[in-house]
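Report on the following structure.
The values are calculated or read from the model by the stated rules, or taken from the named source; none is laboratory data. What you see is a predicted model; the values in this text were computed from it and never measured. All Cβ positions, glycine included, derive from the backbone under ideal geometry; neighbour counts span all protein chains shown.
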Ligand SMILES: [Zn+2]
């Protein structure tokens, strides 16, 4: 009986620990290559100071006009972070860096988005789940060394054909900026998404499980 109780306690401790993603920043930068579980969820800010974070769903500046994340964190699987760090290094070498709009998105929030925009061209049906729900997708743009966003032709989450990689009726500058972003991301194990210039999926991440973890935010 004692043993059963002990095992139950261990199970509870483990399951409680794994249901929350922590927003608290590590006092020192961690090395992603020392993480042993490629599928574990981690907080990107603990592995690099070289990204710009503009997590739109933690503000009201998004197509929902509602703050749907409790805090502006970028959680991703370890393997996604590994590839993203390499891609950012390549951009940094050229004087640019990645600015993030969205990373891991709990499935409960996907359901909310689908209610507002039930159009699979722009929002994944929560029945199937999006790669964002699996920790393998990022919504990004590029900023220059002064922090200015490159002109990509539309804002993030612009739901129209102008946001598509296949829409070519844009200035040479915009097309070159999109190409710059896409080429380096594709070289670092990501795939683009035709209808959204800002969205990138880690290769082979569609087979991962949809996840609905809660976030523990700082006060
Ligand atoms: Zn996306």
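Summary table below
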item: Members of segment 90-124 that are closer than 14 Å to residue 64 by Cβ, part of a helix (DSSP H, G or I) and away from the ligand (no atom under 13 Å from the Cβ); result: 108, 111, 112, 114, 115, 116
item: Which numbered condition residue 151 fails, given (1) surrounded by 17 or more Cβ atoms within 10 Å (Cβ to Cβ); (2) away from the ligand (no atom under 13 Å from the Cβ); (3) in a loop (DSSP other than H, G, I, E, B); result: (1)
item: Checklist (1) exposed (fewer than 14 other Cβ atoms within 10 Å of the Cβ); (2) within 14 Å of the ligand (Cβ to nearest atom) applied to residue 25, failing item; result: (2)
item: Residue count for segment 126-144, restricted to those that are surrounded by fewer than 17 Cβ atoms within 10 Å (Cβ to Cβ) and either modelled with pLDDT of 95 or more or within 14 Å of the ligand (Cβ to nearest atom) (or both); result: 1
item: Segment 82-116 - residue that is under 15 Å from the mean Cα position of the chain (by Cα) and at pLDDT below 95 and, of those, surrounded by the most Cβ atoms within 10 Å (Cβ to Cβ); result: 110
item: Pair list, Cβ < 9 Å and 6+ apart or interchain, from segment 187-200 residues that are closer than 17 Å to residue 82 by Cα and free of Cβ contacts under 8 Å to residues at least 12 places away in the same chain to residues that are in a helix (DSSP H, G or I) and away from the ligand (no atom under 11 Å from the Cβ); result: none
item: Subset tally (residues that are in contact (Cβ under 8 Å) with a residue 12 or more places away in the chain, more than 16 Å from the ligand (Cβ to nearest atom) and out of contact with any helix residue (DSSP H, G or I) (no Cβ under 6 Å at 6 or more places or on another chain)) for segment 176-186; result: 2
